[in-house]
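So the structure is just underneath, and the comments pick up after that.
The values are calculated or read from the model by the stated rules, or taken from the named source; none is laboratory data. Here the structure is a predicted model, which is why all the values come from computation and not from measurement. Here Cβ is always computed from backbone atoms with ideal geometry, including for glycine, and neighbour counts include all displayed protein chains. Areas reflect the complete protein model, heavy atoms only, side chains present, ligands, DNA and RNA absent. Shrake-Rupley method; radii C 1.70, N 1.55, O 1.52, S 1.80 Å.
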Amino acid sequence: MKKYTKDFLISLYTTMYKIRNFEEQAIKLYRDGLIRGYFHPYLGEEAIATGVCAAMDSHDYITSTHRGHGHCLAWGADLKRMFSEVLGRENGYCKGLGGSMHIADYTKNNLGANGIVGSGVPIAVGAALGISIRNEKHMVSTFISDGGSGIGSFLEGLNLASAWKLPVLFVIENNQYAVSTPIEESTGETELYKRGIGFGVESIRIDGNDVIEVYKTAKSFADRCKNGQGPFLMECITFRKSGHHVNDPGLYLPKEKLEHFKLHDPLIIGKKHLTSSAGLSEAEISEIEKQAMAEIMEAIDFAVKSPEMSEEKFLKFVEEY
Amino acid sequence: MVKDVLIEKREIMYRDALNEALKEEMARDDKVFIMGEGIAQRGGSYKVTVGLLEQFGKKRVFDTPISENGFTGAGIGAALTGMRPVVEILFIDFTMLILDQLINQAAKFRFMSGDTASVPLVLRTQGGVGNGLAAQHSQSLEALFYHIPGLKVVMPSTPYDAKGLLKAAIRCDDPVIFIEHKLLYMNKGEVPGGEYIIPLGQADIKRTGTDLTIIAWSGMVPKVMQAAEILAKEGISAEVVDPRSLVPLDKMTIINSVKKTEHVLIVQEAARRGGVGSDISSIIQEEAFDYIDSPVKILGGLNTPCPFNLNLEKVVIPQVEDIIRAAKEVIYAV
Ligand SMILES: Cc1ncc(C[n+]2csc(CCOP(=O)(O)OP(=O)(O)O)c2C)c(N)n1
Ligand SMILES: [Mg+2]
């Protein structure tokens, strides 16, 4: 295995840890009635966003899904503005008008979470089209899950990117469920990377819970995208640690799978990399965790105290609609 | 109409009334089947389809992949060839993905075929503002479908109407878009135990009154009823007319009420611009101009997407106080 620097391994782990705890703290805020509406946690899938985004740079773009907090954070979002957004506050990335399902940072090339399954995919293709027309050496990653891989937007987007040879990395987060529907019930071909092959796109299936494996794959594809060899597709096998959204207890998720993925957890695997490859001690790791947690708590404090947009300001904002 | 067939008095929820309609129609006609996302084992996001799988089996009650355009098209194809599908689209916002199948295909076959084909399809969906569901899950889009010749548009506001209208929709030989409201599912109301049908195109007077006519449908009806209650205490007698189906529209009932009260307020949750309210208003001006005493007023949603923030969400759609204020404006022509 290629040797990664200690700092790099720490940064991957820190990102995953922040995503995990962003979600867990936000769920508490939800239970306290401070967050409303749909809230889809990225629990158990942290390695995918983390590994993919680490393989990209700030001139690239991402499009996300309804389960978008992980992508947003891994892309480098500020925790204060993230919490503010999911709490509907004016300091949020979208001034509290978008919320969890529409969190985005267009100023920094995060083209956003999306409330419509699959709809981010053609938008990613369009961003790549612009890159290609401008002759830039950038690329776009678009995230989708197993359920979304059956929708026209995804399949059409895949074909367009293939036909036009665009620098797009399609990332299928195969968590094996679309709400309560297991993947076997929604397609006759459950090896989803084969969809890419069917469209002439080089595609691979990997363990989506191992951040190093995700990073390695994404890095090679991202670099090749920038050399004009795209598009590519990576199917990352993972599992949702909880229900579809905060109000879904997820009782349909099979026990054996939950048990398996409880041990095969992105954070446990990430921690192993820290101890075995980077030689960190347990104490050093808990220090890293403590710092990350302090940042999260500070961000929550900031967000909870933040104002909401006033009615007057809102009416002014929508005047021309 | 068949209200006198009341066998037993009981109150059930809107979602259970819909569930009964589906069960009764599926038992009556084995060509009726139902598909949608999470509707089988899980019984649907709003529990409307609970128990159907157990009773009718997986050939007639099944989950679809997230392929709205595809499975709606499949429903249309099945309808064209003798079946009576009920297709569920989770949110009306997602019907934007099926517009070709619904508008270019389903709505046109009877006409294009010279009346040799028909599409007896019911597309069940739900719309309206919920609680913090934001811009892509809160829309009221009935005007888009209202505009399309060849589609019927039904929007029940009570459990009683929901059941009777869904049964009529399933028996209808043309495509019906049946729009429920996400905040109505748990509302309770009287629903008789026996079988009844409410024909499409029959408005219901939800409350009789003499001073003004308030026209509203779907999620706005309970709010308008509350407003009417308060107005009554202030000496203003409002008549509340719920068209129940927008296509076909029961113009008669509307016009008769307007002739009686001479004042009209139309309340719609949808954005004000280009809404169904505007069309109803124009019908009233054409057909009852001589009877109205003040301009027809439309109280609609703001012309804006729905914000996530809960306080602002309340700002964008009519609230009870807004309805009361608007009613007074109409009466006193201020
Ligand atoms: C076009 C569309 N259809 C349906 C939905 C409702 N919905 C939201 S998430 C979801 C399941 C998505 O499953 P998957 O793509 O596997 O993503 P995951 O939740 O597993 O991340 C559904 C059906 C939607 N938002 N958009
Ligand atoms: Mg999934």
When only the heavy atoms of the protein chains count and the probe is 1.4 Å, how do B:325, B:171 rank by accessible area, highest first? B:325, B:171
Exposure of residue B:115 as accessible area (Å², to 10), given a probe of 1.4 Å and all protein chains: 100
Return the distance in nm (one decimal) between the two label points of a simple spin-label model at residue A:255 and residue A:197, each offset 7 Å from Cα along Cα→Cβ. 3.6
From most to least accessible, 1.4 Å probe, no ligand or DNA/RNA atoms counted, A:165, A:216 line up as A:165, A:216
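Accessible area lost on pairing B with A, both sides, 1.4 Å probe, Å² to nearest 100? Could the numbers behind the result be given before it?
Numbers: alone 14080 and 14420 Å², together 25900 Å².
The summed interface area works out to 2600 Å².
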Residue B:84 accessible area, 1.4 Å probe, all protein chains in place, Å² to nearest 10: 40
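Once fully extended, how much extra length lies between residue A:290 and residue A:24, figured as 0.36 nm per residue of separation less the alpha-carbon to alpha-carbon distance?
Working: separation 266, 0.36 × 266 = 95.76 nm, distance 1.52 nm.
Contour length minus the Cα-Cα distance gives 94.2 nm.
With a 1.4 Å probe and all protein chains left in place, how much of the accessible area of the range B:11-190 comes from carbon and sulfur atoms, in whole percent? Each step should come with its number before you reach the end.
Values: 3410 of 6160 Å².
C and S fraction of accessible area: 55 percent.
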Tell me, what is the 1.4 Å probe accessible area of residue B:217, in Å² to the nearest 10? 10
What pairs from B:59/B:152; A:194/A:241; B:59/B:163; A:165/A:194; B:206/B:233; A:257/B:182 go past 29 Å between their alpha carbons? A:257/B:182
Please name the residues of the range A:23-41 whose accessible area, counted over protein heavy atoms with a 1.4 angstrom probe, falls by no less than 40 Å² between the chain alone and the full protein assembly. A:36, A:38
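Considering only DSSP beta bridges where both residues belong to chain B, give the percentage that are antiparallel (nearest 5).
On the way: 8 of 40 bridges.
Roughly 20 percent of the beta bridges in chain B run antiparallel, per DSSP.
Partner chain Cβ atoms within 10 Å, averaged over the residues of A:172-178 - can you pull that number for me?
Values: counts 0, 0, 0, 0, 0, 0, 5.
If you average over the peptide's residues, the count of other-chain Cβ atoms is 1.
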Expected integer from the mean partner chain Cβ neighbour count at 10 Å over A:116-123 is 3
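Tell me the per residue accessible area of the range B:11-190 using a 1.4 Å probe; a whole number in Å² is fine. All intermediate terms of the calculation are to be shown ahead of the outcome.
Values: 6160 Å² over 180 residues.
Value for the range B:11-190: 34 Å² per residue.
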If each Cα of chain B is one equal point scatterer, what is log10 of I(q)/I(0) from the Debye formula at q = 0.08, 0.13, 0.15 Å⁻¹? -0.36, -0.97, -1.26
Computed label-point distance, nm, for sites residue A:190 and residue B:116 using a 7 Å Cα→Cβ extension: 4.6
Any chance you could check the range A:279-311 for residues losing 20 Å² or more of accessible area when the partner protein chains are in, compared with the chain on its own (1.4 Å probe)? A:308, A:309, A:311
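Round to a whole number: what % of the accessible area of the range B:204-334 belongs to carbon and sulfur, probe 1.4 Å? Could the numbers behind the result be given before it?
Values: 2680 of 5230 Å².
Its accessible area is 51 percent carbon and sulfur atoms.
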Rounded to the nearest 5, what % of the DSSP beta bridges within the protein assembly as shown are antiparallel ones? 15
Per-residue average of other protein chain Cβ atoms inside 10 Å, peptide B:66-72 -> 5
Got a sec? What order do B:20, A:23 fall in by accessible area at 1.4 Å, biggest, i.e. largest, first? B:20, A:23
Accessible area of the range B:204-331 divided out per residue, in Å², using a probe of 1.4 angstrom: 38
